[in-house]
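Heads up: the structure comes next, in structure tokens.
Derivation of every value follows stated rules applied to the coordinates shown; laboratory data play no part. Fair warning: this is a prediction, and the values are worked out from it, not measured in the lab. Using ideal geometry, Cβ is built from the backbone for each residue, glycine included, and neighbour counts are taken over all protein chains shown.
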Amino acid sequence: MSRGNPGVCFVIVEERVIAALDMKSAEEALSFLDGVPRLRFAKVGMQLFYREGLSLVRELKDRDLRVFLDLKIHDIPNTAFGAVQSLSTLGCDIINVHCAGGLEMMRRAREAVTGDTKLIGVTILTSLDEQALHEEIGLAGDLQDHVLRYASLAQKAGLHGVVCSPWETALLKQQMGVDFLTVTPGVRPRTDDAQDQKRIMTPGDAVRHGSDYLVIGRPLTQAADPAEVLDGILREIEVNS
Ligand code: C5P
């Protein structure tokens, strides 16, 4: 048994790695999955969903995989409600909205969630650092304060957790409670290139800081031997849990 935080209990370590399937086609995504039999959780984002739609999500569920549908919904409350309602028949394990849509939008989205699906809020993208937040987005102050404010709003709206950088999980767990899920992209094995991610951490450090789920894309999907990379990541998580 692998325990992340006292509040979230994972039966097997494989449940904690979510592979980001940022590929051009369902064929490419499915062939990647065939090569990583230990993988239990897949993330379908905009790139693949806009091309392949609902059928790919159904195929992944048919393969008994858990699915994070990462569409980052951000619209007026009524439209966000309808969007989540439209997705509710898929039985996804995680779906998400942008916290920047505000409290009412998140509340309405939460109302539309059915079954065991978890709804989480995107705080500040892990590709943004404080300089970009100040100079491009026009948000003054500490990046962590914005993440904390967004996470508090998400919790108030009844969301199950947030997407955040692994650098923010310890603070969020402390402030929001251990049951509030933290799903963290920006994870890079020590030897990997950061690519466009700014606030990154290794898998071992990420779980020690309190990440429940690690979203890992290119380090896995672009690896020469993804199964071997996944084995290494899972080992690192186990050692640090
Ligand atoms: O390839 P890489 O490991 O950087 O992929 C990270 C994945 O997590 C991408 O699919 C990206 O869209 C997603 N993501 C992110 N930052 C967020 C929310 C989602 O990188 N705040």
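Summary table
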item	result
Surface/4 of the Cα convex hull for segment 2-233, nm²	11.9 nm²
Dipole magnitude of segment 16-85, debye to nearest 20 (Cβ charges: Lys/Arg +1, Asp/Glu -1, about Cα centre)	280 debye
Reach of LYS156 by Cα under 18 Å, taken over lysines that are not fewer than 8 positions away in the same chain	LYS118, LYS173
Cα centroid separation - segment 50-100 against segment 179-205, whole Å	23 Å
Set of lysines with alpha-carbon distance to LYS24 below 21 Å, sequence-local pairs under 8 removed	LYS43, LYS61, LYS72
Amide H contacts of GLY217 (H built 1.01 Å from N, under 5 Å, at least 5 apart or other chain)	ALA20
Fully extended contour minus Cα-Cα distance, from GLU135 to GLU111, at 0.36 nm per residue	5.1 nm
Two-site FRET efficiency, ASP196 against LYS61, from Cβ-Cβ distance with R₀ of 41 Å, rounded to 0.05	0.85
J(HN,Hα) series, segment 33-39, from Karplus relation 6.51 cos²θ - 1.76 cosθ + 1.60, nearest Hz, glycine and proline x	4, 4, x, 10, x, 6, 6
Helix-only CD estimate at 222 nm, as mean residue ellipticity for the chain, using -39500 (n - 2.57) per DSSP H run (n ≥ 4)	-11500 deg cm²/dmol
GNM top mover of GLY115, GLY210, GLY177 - the chain, alpha-carbon springs below 10 Å	GLY115
DSSP-defined beta bridges in the chain - what % are antiparallel, rounded to 5	5 percent
Point-charge dipole on Cβ atoms (K/R +1, D/E -1) for the chain, about Cα centre, debye to 20	580 debye
Theoretical FRET efficiency, 1/(1+(r/R0)^6), r = Cβ-Cβ of TYR50 and ASP231, R0 22 Å, to 0.05	0.10
Förster-model FRET efficiency, 30 Å R0, ASP75 and GLN174, C-beta, rounded to 0.05	0.40
